[in-house]
Structure formats: structure tokens, C-alpha cells
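Have a look at the structure below, then the notes.
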Amino acid sequence: KVRIVKAFQENGHIVSMTGDGANDSPSLKQADVGVAMGITGTDVAKGAADIILLDDKFTTIGTAVIEGRSIYNNIKKACEFALSSNLGEVITMLTSIIVGIATPLKATHILFVNLVTDSLPAIGLGVDSNDTKQLMNKPPRKKEESLFANGGWFRVGFYGFLISIITLLGFLYLPITHLLDSNIGISISSINEVLKDEMILTKAQTYAFCILAVSQLFHSIGMRNVNKFIFKFNFIENKLILIAFIIGFALQVLITEIPFLTEIFSTCSLSFMEWIYITLVSLIPIIMHEIIVLINFIKLPIAAEKIIIY
């Protein structure tokens, strides 16, 4: 039994071994995951194993594999979402400093985004219910595989840059529109000149703040499954992420409409049409999610590989 386990390990497999007798203890110890029977197993086998199966049902191991994969997948989704969202904020602020324009976001804006539109959806992603069939159709991952393998770093970078681009466009929309209406050439200096007007600056920062926050909320929905169209999602399965989205969006509206909150966050009231504009621009991350899924569906169909149980 030990030779069988070693042979699989030498061929790059992750091996789980089950056993109940004292003679199974060497192979249970050698395996990556040793599973001893809890009812019929001897004390020697239980001592050598990593896991004790209390009900002695082999199907319970399969259930545990599904749960383990689901937990790992949720950690991966939450990390990718949090990093891409924060990268969007960093790039937004860094670009404004390098280019030499007024800052699109105030410190209170960044603090609010980190506490609400970053944290709440990340918690929802951390407890998400996954597509069991899709999870189990994937081959086992290698022990040395990075958390950001299989396109993870690409998603972090791509969505981070995308969120920063739409945030900066939202910020520059008012000053550029003002320059075009006044028939003045668009340049860094002319944009900064327009932004010296406190009312224009406040509204431009409100646009950037709202687009950043709402786009992250939409981004969190797409991160539930990066290989699946959103119209195939079962939204009822994850009520927490829906609640996070509703709370985040509602708080964002309140920050622009309640007077004492507008003073705290240095925002201004927005019209219904302005909120329509902000929402449409904020949908871009989830639109890109659908486009990427479509491209992968056409060019790179997922192979239906299953776990081999020996």
C-alpha cells in the first residue's frame, strides 16, 4: 500500500488513503491526507491519520472535497476582488499625482469605500455557494500553485485598471464638458483652471467617488463566477452579497442627499439623471466580465475533466 501511494505521489498526484487496521497506518502516514475509519478503525490507524471519518461513509469524503474546494474558491474570489478594487483606488490617485491634476478622491471617500463597498461584498464572496459541478469538473490543483494562478493576476490588474479608468473619466467629465462648451482647448492646465471652481471640483469628486463605489459593487457580482454569464447566476443562493449591494448603493445615495453627510464627505446632491449616468458607467466592469466569459466560451471551452478516485 505504501508503494502504491508513493508511486502516485512520484507522478505528481495528491493522494488520499483510507484505512481502518493497524496494517494501514504506514500508508495512512505516507499519504498526503490519511483518513481513518472512526467506527471500525483501530487506535493505531486513527493515530497515523490526518482525518478521522466518524460515520465511516466514503461519500462523506467526497462531500468534504466539495466543501474544501468551495472554501478555497471563495477565498480566491474575495482576494481577487479586494486587490483589484484597491488597485483601482491606488491607480486613480497615483495617476492624478503624476499627471498633475486635482485629486479625484478625498481621504473620507477612500475610507468609506474601503469600509463599505470593499468589505461588505468581500464578506459576501467569502460565504458564496459555488457551482458544485463546475468545481468538481476541474482537476486537482498542484500544491505549489499560487492563489492567483489561472488568470488571477490578470483579473486583478485588468479590473484594477478598468475601475481606475472609469473613475478618472467620471472625474474629468465636468471640467472637459465645461471647456468644450466654452470653446477652450483641453489641456492639463486648462482642466486645473476649471477645477479651481469649488463647485465644479466638488461635483467632479462626487462623480468619481460614486462611480468608484458603485462600479466595485457591480464588480463583486461578476466575481462570483468568472467563468459563467451573470444571467446564469442563482442570486437567491447568496443573499448576503445582494444585501451588501443594496446597503452599499443606498449609503452611496444617502451620502449625496443628506445635508450633514454631504458636509462630512464633501459631496454634493445629484439629480436622477446624474445617477443614471453614474450607474451606466459603473456597469462597465460587469459588461467586461460578460465579454471575457463570451470570449473564453468561444475560444477556450473548459475541458470536462473529473477527479479520478482510485
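The values are calculated or read from the model by the stated rules, or taken from the named source; none is laboratory data. This is a predicted model, so every value here is computed, not measured. We place every Cβ from the backbone using ideal geometry, glycine too, and count neighbours over all the protein chains shown. Note: accessible area is taken over every heavy atom of the protein model, side chains too, but ligands, DNA and RNA are not part of it. Shrake-Rupley method; radii C 1.70, N 1.55, O 1.52, S 1.80 Å.
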Between residue 102 and residue 67, the FRET efficiency computed from the C-beta separation at R0 = 41 Å comes out, to the nearest 0.05, as 0.25
For a paramagnetic label modelled at 7 Å from the Cα of residue 11 toward its Cβ, which residues of segment 24-54 fall within the zone defined by backbone nitrogen distances under 20 Å? 27-28, 30-34
For Rg/Rh (Cα atoms, Kirkwood Rh) the list reads (i) 0.99; (ii) 1.14; (iii) 1.18; the calculated value is entry (ii)
For segment 1-51, the spread of Cα positions along each principal axis, largest first, Å: 32, 17, 13
Candidate lysines - alpha carbon under 16 Å from residue 29, same-chain residues fewer than 8 apart omitted: 1, 6, 46
List the residue ranges in the chain for DSSP H helices whose C-alpha atoms run 18 angstrom or more along the long axis and whose Kyte-Doolittle average is 1.6 or above. 239-257, 284-299
Only residues of segment 140-163 count here: report those whose backbone N is under 15 Å from the spot 7 Å along Cα→Cβ of residue 299, or say none. 151, 154-155
Could you give the dipole magnitude of segment 31-181 about its Cα centre, charging the beta-carbon of Lys and Arg +1 and that of Asp and Glu -1, in debye to the nearest 20? 220 debye
Could you please report the charge total around residue 46, scoring K, R as +1 and D, E as -1 over all other residues with beta-carbon less than 11 angstrom from its beta-carbon? -4
Let's test the formula: R0 of 45 Å, r as the Cβ-Cβ distance of residue 184 and residue 276. What FRET efficiency results, to the nearest 0.05? 0.95
Segment 83-177, Cα convex hull volume normalised per residue, Å³: 140 Å³
Mind checking the per residue accessible area of the chain for me, 1.4 Å probe, whole number of Å²? 54 Å²
Which value, in debye to the nearest 20, describes the size of the charge dipole of the chain about its Cα centre when Lys and Arg Cβ atoms bear +1, Asp and Glu Cβ atoms bear -1, and nothing else is charged? 960 debye
Here the residues of segment 66-84 lying in the modelled label zone of residue 137, meaning backbone nitrogen under 12 Å from a point 7 Å along Cα-to-Cβ, are none
State to the nearest 20 debye the size of the charge dipole of segment 16-85 about its Cα centre, where the only charges are +1 on K and R beta carbons and -1 on D and E beta carbons. 280 debye
Quick check: at a probe of 1.4 Å, how many percent of the accessible area of segment 211-305 sits on carbon and sulfur atoms? 77 percent
Among 254, 176, 226, whose Cα projects farthest towards the positive end of the dipole of segment 151-278, with charges put on the beta-carbon of Lys, Arg (+1) and Asp, Glu (-1)? 226
List the lysines whose Cα lies under 22 Å from the Cα of residue 228, skipping any in the same chain that are fewer than 8 positions away. 76, 77, 133, 138, 239, 299, 306
If each DSSP helix of 4+ residues adds -39,500 (n - 2.57) and the sum is divided by the residues in the chain, what number results at 222 nm, nearest 500 deg cm²/dmol? -20500 deg cm²/dmol
With label points built 7 Å along Cα→Cβ from the Cα atoms of residue 144 and residue 237, find their separation and express it in nm. 3.4 nm
